[in-house]
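Take a look at the structure below.
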Amino acid sequence: VYPTTDRSVVIRVTDTQGAVGWGETYGLVAPGIVAALVDELFAPCLKSLPVQQPETVWDALYDLQRVRGYWGGYLADALAGLDIAVWDLHARSQGMSLQTALGGSGAHEVGAYVSGLTGATTEARIEQAQEWQAKGFNDLKIPVSATTNGDVRGEFAALRDALGDDHRIALDLHWTLSVDDTLAMEKELLPYDPWFLEAPTKPEDIDSQRAIGSGLQTPLALGEEWRTEWDYKARRGICDIVQPEMGHTGVTQFMRIAKLTRESEVQLIPHATIGLGIFMAASLRASLAADVETHEYQHTIYDRNCALLEGAAACEAGRFIVPDTPGHGVSPNADAFRYLTKINE
């Protein structure tokens, strides 16, 4: 089930000195669940915790329900949004950018790959892909659903012919295939040099993920649904690319997952999906600190929703241009509050 409009949950944390931090997580279908978890579980405990030590805060809040077996889902999403706000508050109050607070430095750029093509036909999608290529975007990901009559091979072949051998083209399979179907599809696509295959089978089916990872020649990308480092540890050695989604992980777990990928010599390519742009801003700055090469660019969403923020990073010529402003650098502007509905304060 999907909502008919974009939805997210925005969280504001204010300390006793009046410093503010902004966070965000998913509220795609039931935002009240996330808000209730923040208000009734996390917020009362946060008041007794050292907000200038965000990792300590995350660990303490995560432990609140661990003994009852809650360690994922909406609970972790709510904690991720709060964690982003706490990190933003911490960095802003120190006059530092988030990337600096995480051990990076200054204003830099992060590569951007185009995610999705919206044309109704293969020809229209090729034309759009060529337009992005002309603007300096040389990496692309298409969803398995955006094909003509389900002809993935034909779509891939047409894009490769139109964009040339040097253009990286990935395929998002949206957890739709079995092990055998994934391996068969890859065999058809190998002549067209796919960049990576993303999310081929059910995310909870670790055995099938492992079988796919060992059988593919193409890099396997996993992780957009992961919330914590424990999700990665359970799948260590399966995939070649890890795709943490800031709206699920928050800053603390994003960076812990990044550390594990460095130790395992696995590439980190962060995922990005629907949001106001706050967790995207945090993801870009954490990506700088983690020395990420490229980051997903949801072009149908990012620029539109960033018009509702102050300080959002521009995305031009295949690069996100990330400034060295305090915190994660963004806050909702006056236009945003025409769309945001106050749930609680």
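With surrounded by 13 or more Cβ atoms within 10 Å (Cβ to Cβ) and under 13 Å from Gly81 (Cα atoms) as the only criterion, which of Ala19, Ala35, Ala30, Ala60 stands out? Reasoning before the result, please.
Working: Ala19 fails: under 13 Å from Gly81 (Cα atoms); Ala30 fails: under 13 Å from Gly81 (Cα atoms); Ala60 fails: under 13 Å from Gly81 (Cα atoms).
Testing whether each residue is surrounded by 13 or more Cβ atoms within 10 Å (Cβ to Cβ) and under 13 Å from Gly81 (Cα atoms) leaves just Ala35.
Answer yes or no as to whether Trp230 is outside any strand (DSSP E or B) and surrounded by 22 or more Cβ atoms within 10 Å (Cβ to Cβ). Spell out how you get there, then give the answer.
Numbers: outside any strand (DSSP E or B): yes; surrounded by 22 or more Cβ atoms within 10 Å (Cβ to Cβ): no.
No; evaluated as a whole, the condition is false for this residue.
Pull up region 263-298, narrow it to residues that are crowded, with 24+ Cβ neighbours inside 10 Å and β-branched (Val, Ile, Thr), then point me to the one that is nearest to Lys233 (Cα to Cα).
Checking each candidate, the answer is Ile269.
Assess whether Phe156 counts as being outside any strand (DSSP E or B), of a type in the set (Phe, Trp, Tyr), open to solvent by less than 20 Å² (accessible area, probe 1.4 Å) and under 18 Å from Val322 (Cβ atoms). Spell out how you get there, then give the answer.
Working: outside any strand (DSSP E or B): yes; of a type in the set (Phe, Trp, Tyr): yes; open to solvent by less than 20 Å² (accessible area, probe 1.4 Å): yes; under 18 Å from Val322 (Cβ atoms): no.
In short, no.
Can you pull out every residue in region 333-345 that is of a type outside the set (A, V, I, L, M) and either in contact with a helix residue (DSSP H, G or I) (Cβ under 8 Å, 6 or more places away or on another chain) or assigned to a loop (DSSP other than H, G, I, E, B) (or both)?
Asn333, Asp335, Tyr339, Thr341, Lys342, Asn344, Glu345
Out of all the residues in region 251-262, which are closer than 15 Å to Arg235 by Cβ, free of Cβ contacts under 8 Å to residues at least 40 places away in the same chain and either under 10 Å from the mean Cα position of the chain (by Cα) or buried (at least 24 other Cβ atoms within 10 Å of the Cβ) (or both)?
Within region 251-262, the first condition is being closer than 15 Å to Arg235 by Cβ, and the residues that meet it are 253, 256-257, 260-261.
Okay, now just the ones that are also free of Cβ contacts under 8 Å to residues at least 40 places away in the same chain, so 256-257, 260-261.
If the condition is that a residue be closer than 15 Å to Arg235 by Cβ, free of Cβ contacts under 8 Å to residues at least 40 places away in the same chain and either under 10 Å from the mean Cα position of the chain (by Cα) or buried (at least 24 other Cβ atoms within 10 Å of the Cβ) (or both), then Ile257 is the only one that fits.
Going by the structure shown, is Gly164 more than 20 Å from the chain's Cα centre (by Cα) and open to solvent by less than 30 Å² (accessible area, probe 1.4 Å)? Show your work before the answer.
Values: more than 20 Å from the chain's Cα centre (by Cα): yes; open to solvent by less than 30 Å² (accessible area, probe 1.4 Å): yes.
The answer is yes for Gly164.
Out of the residues in region 10-33 that are at pLDDT 95 or above and within 22 Å of Glu225 (Cβ to Cβ), which is farthest from the chain's Cα centre (by Cα)?
Across region 10-33, the extreme among qualifying residues is Ile11.
Please verify whether Ile301 is farther than 26 Å from His90 by Cα and in contact with a helix residue (DSSP H, G or I) (Cβ under 7 Å, 6 or more places away or on another chain), treating the condition exactly as stated. Give the derivation first.
Numbers: farther than 26 Å from His90 by Cα: yes; in contact with a helix residue (DSSP H, G or I) (Cβ under 7 Å, 6 or more places away or on another chain): no.
Judged against the criteria, Ile301 is not a match.
Does any residue of region 301-314 turn out to be under 28 Å from Glu263 (Cβ atoms), open to solvent by less than 60 Å² (accessible area, probe 1.4 Å) and in contact with a Cys (Cβ under 8 Å, 6 or more places away or on another chain)? Let's see the steps before the verdict.
Narrowing region 301-314 to residues under 28 Å from Glu263 (Cβ atoms): none.
No: region 301-314 contains no residue that is under 28 Å from Glu263 (Cβ atoms), open to solvent by less than 60 Å² (accessible area, probe 1.4 Å) and in contact with a Cys (Cβ under 8 Å, 6 or more places away or on another chain).
Output the number of the condition that Ile212 fails; it satisfies all remaining conditions of (1) part of a loop (DSSP other than H, G, I, E, B); (2) over 15 Å from the mean Cα position of the chain (by Cα); (3) crowded, with 24+ Cβ neighbours inside 10 Å.
Condition not satisfied by Ile212: (1).
Before we move on, is Val51 crowded, with 16+ Cβ neighbours inside 10 Å, free of Cβ contacts under 8 Å to residues at least 40 places away in the same chain and part of a loop (DSSP other than H, G, I, E, B)? Outline the logic, then answer.
Working: crowded, with 16+ Cβ neighbours inside 10 Å: yes; free of Cβ contacts under 8 Å to residues at least 40 places away in the same chain: yes; part of a loop (DSSP other than H, G, I, E, B): yes.
In short, yes.
Which of the residues belonging to region 72-102 are buried (at least 21 other Cβ atoms within 10 Å of the Cβ), closer than 29 Å to Leu171 by Cβ and not hydrophobic (A, V, I, L, M, F, W, C)?
Result: Asp77, single match.
Out of everything in region 103-125 that is open to solvent by less than 30 Å² (accessible area, probe 1.4 Å) and among the aliphatic types (A, V, I, L, M), what residue ends up being farthest from Gly327 (Cα to Cα)?
Going through region 103-125, the residues open to solvent by less than 30 Å² (accessible area, probe 1.4 Å) turn out to be 104, 106, 110-117, 119, 122, 125.
So of that shortlist, the ones also among the aliphatic types (A, V, I, L, M) come out as 110, 112, 114, 117.
On the way: Val110: 17, Ala112: 21, Val114: 26, Leu117: 32 Å.
So, considering only residues that are open to solvent by less than 30 Å² (accessible area, probe 1.4 Å) and among the aliphatic types (A, V, I, L, M), the one farthest from Gly327 (Cα to Cα) is Leu117.
The values are calculated or read from the model by the stated rules, or taken from the named source; none is laboratory data. Every value quoted in this text rests on a predicted model; they were computed, and no experiment measured them. Glycine also receives a Cβ, built like all others from the backbone with ideal geometry; neighbour counts cover every protein chain displayed. For the accessible areas, the whole protein counts, side chains as well, though only heavy atoms, and no ligand, DNA or RNA atoms are used. Shrake-Rupley method; radii C 1.70, N 1.55, O 1.52, S 1.80 Å.
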